[in-house]
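Worksheet: one structure, shown below.
The values are calculated or read from the model by the stated rules, or taken from the named source; none is laboratory data. Just so we're clear, the structure is a prediction, and the values are computed from it rather than from any experiment. Here the Cβ is made from the backbone with ideal geometry for all residues, glycine too, and neighbour counts use every protein chain on show. Protein only, heavy atoms only, side chains kept; ligands, DNA and RNA dropped before computing areas. Shrake-Rupley method; radii C 1.70, N 1.55, O 1.52, S 1.80 Å.
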Amino acid sequence: MMEIKVRTLTNEQVKNLDQIASENKISRDKLISKIVGESLDGTNFLAAHRTFFKSEVAKIIPQLEKNNQVMERALKFLDKEQTHGD
């Protein structure tokens, strides 16, 4: 096995790692190894991204539907104005 040093984490990020490691009853090193290993394996990495994008899309859809309704009303209004204006 090889060692890797991570130098670019903030104090807050290290605290978060420690908290997550503690909650999972593993060391910080084991947690980091698990995260990196899963990311490289791609299994949980892809699943996490799918879950993230699904939730983000779910948040956006209601706003898009509302925007579509507003656009439909605006188009109907413009059509009505053109019909009566001619």
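For the chain, the longest principal axis of the alpha carbon atoms and the long axis of helix 43-85 meet at an angle near 10°. Counting only alpha carbon atoms, the long axis of helix 11-23 and the longest principal axis of the chain meet at about 80°. Which whole-number percent of Cα pairs in the chain have a distance greater than 18 Å? Tail of P(r) above 18 Å: 69 percent of Cα pairs. Helical runs assigned H by DSSP (4 residues or longer) give the chain a calculated mean residue ellipticity at 222 nm of -28500 deg cm²/dmol, each run adding -39500 (n - 2.57) before division by the residue total. Under a GNM of the chain (C-alpha, springs under 10 Å), which listed residue has the highest mean-square fluctuation: Leu40, Leu31, Leu64? Of the options given, Leu64 has the highest mean-square fluctuation. I'd like the orientation of helix 28-41 relative to the chain: the angle between its Cα long axis and the longest Cα principal axis, in ° from 0 to 90, rounded to 10. It is inclined by approximately 50 degrees. Of Lys30, Lys76, Lys15, which has the largest mean-square fluctuation in a 10 Å C-alpha GNM of the chain? Maximum among the listed residues: Lys76. Only Lys, Arg, Asp and Glu carry charge here, each on its Cβ (+1 for the first two, -1 for the last two); on that basis the chain has a dipole of about 320 debye about its Cα centre.
Here Ser27 and Glu65 are evaluated by their C-beta separation; at R0 = 41 Å the FRET efficiency comes out at 0.30. Exposure check, 1.4 Å probe, all protein chains in place: Leu9 carries approximately 70 Å² of accessible surface. With unit charges on the beta carbons (Lys and Arg positive, Asp and Glu negative) and the dipole taken about the Cα centre of the chain, which residue among Thr51, Ile20, Met1 sits farthest to the positive side? Final value for the positive-end residue is Met1. Bridging of Lys66 to lysines at a Cα separation below 22 Å is possible for Lys54, Lys76, Lys80, once same-chain residues fewer than 8 apart are set aside.
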